[in-house]
1. Pop out the ³J(HN,Hα) list for the range 206-212 in order, Karplus 6.51 cos²θ - 1.76 cosθ + 1.60 with θ = phi - 60°, rounded to Hz; leave Gly and Pro as x.
2. Normalized C-alpha radius of gyration of the chain, against 2.2 N^0.38 Å?
3. Of the options L274, L259, V360, report the single residue whose Cα projects farthest towards the positive end of the charge dipole of the range 243-381 (beta-carbon charges: Lys, Arg +1; Asp, Glu -1).
4. Amide H of I267 versus every other amide H placed in the peptide plane: which residues, excluding those fewer than 5 positions away on the same chain, fall under 5 Å?
5. On C-alpha positions alone, give me the angle between the axis of helix 373-386 and the longest principal axis of the chain, in degrees, nearest 10.
6. By how many nm would the segment from R203 to V59 grow when fully extended, if each residue of separation counts as 0.36 nm and the alpha-carbon distance is taken off?
7. If the only charges are +1 at each Lys and Arg Cβ and -1 at each Asp and Glu Cβ, what is the size of the charge dipole of the range 149-386 around the Cα centre, to the nearest 20 debye?
8. Filter the cross-link list K308/K371; K81/K179; K179/K369 down to pairs whose alpha-carbon distance in this structure exceeds 30 Å.
Amino acid sequence: MKQTMSIFQAAVITVCVEPETAERIVDAIETMPWAVTSSSFEAYISAVRRPYFGPQVNVANACIAVVDYDLDSAQAVETTKYLQQLFPGRITVIALSGSRNPDLLLMAMRAGCSEFLNKPFNSSALGETLARLEQQYSNTANKPIANGSILSFLGVKGGVGTTTLAVHLAMYLVQSHAKKVLLIDHHEELGHVCVYLGVDGSRSPYSEVVRNVSRLDSELLSGFVVKHASGLEVLSSPDVCGASTPIDPESVTRTLEFLRGEYDYVIIDCPSMLDATTLAVVNASSNVYLVATPEIGAIRDLSRFVDKLMQVEGSNGKMQVVINRVSSRYAVNVEHIEKAIRLPVAIRLPNSYAELVRSVNLGEPISLKTKSEFTTQFMQWANTLVGSTAEVPKPKTKASIFAMWM
């Protein structure tokens, strides 16, 4: 049954906020068309100093927490992180401070605060935040079922060409079928999606979108994505070492569900690991492409990935095995690969190493106008996904002995 705004339940949490201000905050939130419950804590909280939250807080649709950052900024950061962990994907943490120090604001943002209130407290300033939240909650409650497809690319080891394949499939869906496509670099840091596309992704971090999921809407998203000249939209990974901070798996799930409603296809370039956030991507995906090359190390790792994902509920029917560079010299026979992993190889791609290295160095994906076996097979891949036919260029070279599709 669809939820209406009149029964939307919101929990308000104030931490180390002066009592009179805390009361005014609750009064302001109670003017919204929500069923509101409140909890106030005089001391900072954490996993060590765990407070009691009543049942109404635990079952609330959304939580709004206001944390005073002036008494002890380090403990305020700890409180913010704890609240994010306790209510993943459904809490908005607001930092309250009389300081205009940009370092403090940056510290609060990195901890998970998505909104800021200055002292002395001003009800109208909070009203602007509440209006944004009301719009977000309304969109969530009344949003139609999302129809976009999430396609995740998971390389079983480094160097198998996962990013290259994700970039080209995303590009060809845009160029050959005029689809609205978002390409996400899911690596914690130093991902290569933006490098391969020749775009600056320093201001379009995917992790920041996830951390702001509590206030995510189309307008906020548009401020994060970087747009390639082709029309492809991109969210990047940090391009410096040590800049990454953990993201919550449940927030990843909520973010991807939102993005499905904004795009025809969301394509995700994942790291070669099955941690909690990658598994959240797998669970949200329509197809999971396991990418390997026909050499013994990659096949061993592919077998282990298949075994692991077989244990994840709902993943079996999503897995599509992609063998890249099948025509390379000394390659392991495809039939032997299928026997080793006990799954059919769904997609076989030719060895186009030289032209792809040139493409990467130029920051320009291989053009659809290039008549090669690589572009031919990628166009067939895109056509199969969309369910319609675009013109497939005929390769100049002799066709591979392997067909792409089983």
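1. Here the 3J(HN,Hα) series is 4, 4, 6, 4, 4, 5, 9 Hz.
2. The value comes to 1.11.
3. The residue sitting farthest along the positive end of the dipole is V360.
4. L151, L182, L183, I184
5. Orientation of helix 373-386: about 50 degrees from the principal axis.
6. Full extension of this stretch gives 48.3 nm more.
7. Once rounded to the nearest 20, the dipole reads 700 debye.
8. Pairs exceeding 30 Å: K308/K371; K81/K179.
Bear in mind these aren't lab numbers, they're just calculated from the coordinates by the rules spelled out. It should be emphasised that the depicted structure is a prediction, and the values quoted were computed from it without experimental measurement. Glycine gets a Cβ as well: all are built from the backbone with ideal geometry, and neighbour counts include every protein chain shown.
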